[in-house]
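The values are calculated or read from the model by the stated rules, or taken from the named source; none is laboratory data. Because the structure is a prediction, the values reported are computed rather than measured. Ideal geometry is used to build each Cβ from the backbone, glycine not excepted, and the neighbour counts take in all protein chains shown.
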Amino acid sequence: MKHLNNEQGNSVFYLIWMLGIVGGVLIIVFNMSNIFIEKQNASMAAEQAALAGTSVILEETQKAIEDFDEKAIAQKLLDGGDTIEEQIDEKQKEYYNNGYSNSRALIFAYNEVLPGKMNKYEKLKEELSDHLSSNKIDGKIRNEVISVIQRNSGLSEETEVEINKDKWYIEVKTASRYETISSGEYVEEELSEDVVQKGQGPSLNYVEEIFN
């Protein structure tokens, strides 16, 4: 009987020991999964924020074109009766019909049409330069970026926004925070770490022509 009790006691101890190991492994796996998820979240937030910042530039570009078209009667005559906006719309339709999204088609149209038109019409370049000047759009871009970061539970205080002047796209560097859980043995203490990721928007090559 004593021998049987010892065996039962050993079995219970062994079972508890095994459960402890399994629990520790599960906690480690959970923490690793949590890190991966937070990296994905931070990466997606950075990409979405960069796109939101890019939309500010696109909106101001559209406003500048509209302002130019309202004043430039001679341009319409020189370009066969079409305004700059109409020429861009036509080019956008071509890209869209080739399978690109509407927003991507617009960017391609801007990149293709605007540089040549700015060289031809100095007033168009001046309108674009005015609408896209740093003191006018930097704050708007950052506000849009931060809004997206906050909606995705990112850290706005760790967010940086830059315009890459080699390829002319908005780059966002941001972070999200993950916290580990502890098991007391295998993970001794809870930790809080920031996961940093970067995201970028599409290249707006026509912007280079504005500031050259």
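Of note:
- Taking segment 42-142 and the helices (runs of 4 or more DSSP H) fully enclosed by it, the elements with 2 or more residues that are in contact with a helix residue (DSSP H, G or I) (Cβ under 7 Å, 6 or more places away or on another chain) are at 84-97, 102-120, 122-131.
- When Leu124 is tested against (1) in contact (Cβ under 8 Å) with a residue 12 or more places away in the chain; (2) under 13 Å from the mean Cα position of the chain (by Cα), exactly one condition is not met: (2).
- Subset of segment 143-171 that is among the hydrophobic types (A, V, I, L, M, F, W, C) and either more than 13 Å from the chain's Cα centre (by Cα) or assigned to a loop (DSSP other than H, G, I, E, B) (or both) - its residue that is farthest from Leu204 (Cα to Cα): Leu155
- The condition of being under 27 Å from Glu162 (Cα atoms) and either in contact (Cβ under 8 Å) with a residue 24 or more places away in the chain or touching a Leu at 6+ places or on another chain (Cβ under 9 Å) (or both) holds for only one of Ala105, Ala109, Ala52, Ala72, that being Ala52.
- Segment 55-69, residues that are closer than 30 Å to Ser176 by Cβ and without any contact (Cβ under 8 Å) to a residue 24 or more places away in the chain: Glu59
- A residue that is surrounded by 14 or more Cβ atoms within 10 Å (Cβ to Cβ), over 26 Å from the mean Cα position of the chain (by Cα), aliphatic (A, V, I, L, M) and within 17 Å of Tyr206 (Cβ to Cβ) cannot be found anywhere in segment 53-63.
- Filtering segment 98-147 to residues that are closer than 30 Å to Asp194 by Cβ, modelled with pLDDT of 95 or more and hydrophobic (A, V, I, L, M, F, W, C) leaves Ile141, Val145, Ile146.
- Under the condition of being surrounded by fewer than 16 Cβ atoms within 10 Å (Cβ to Cβ), more than 17 Å from Gln62 (Cα to Cα) and modelled with pLDDT of 95 or more, the residues counted in segment 74-95 number 1.
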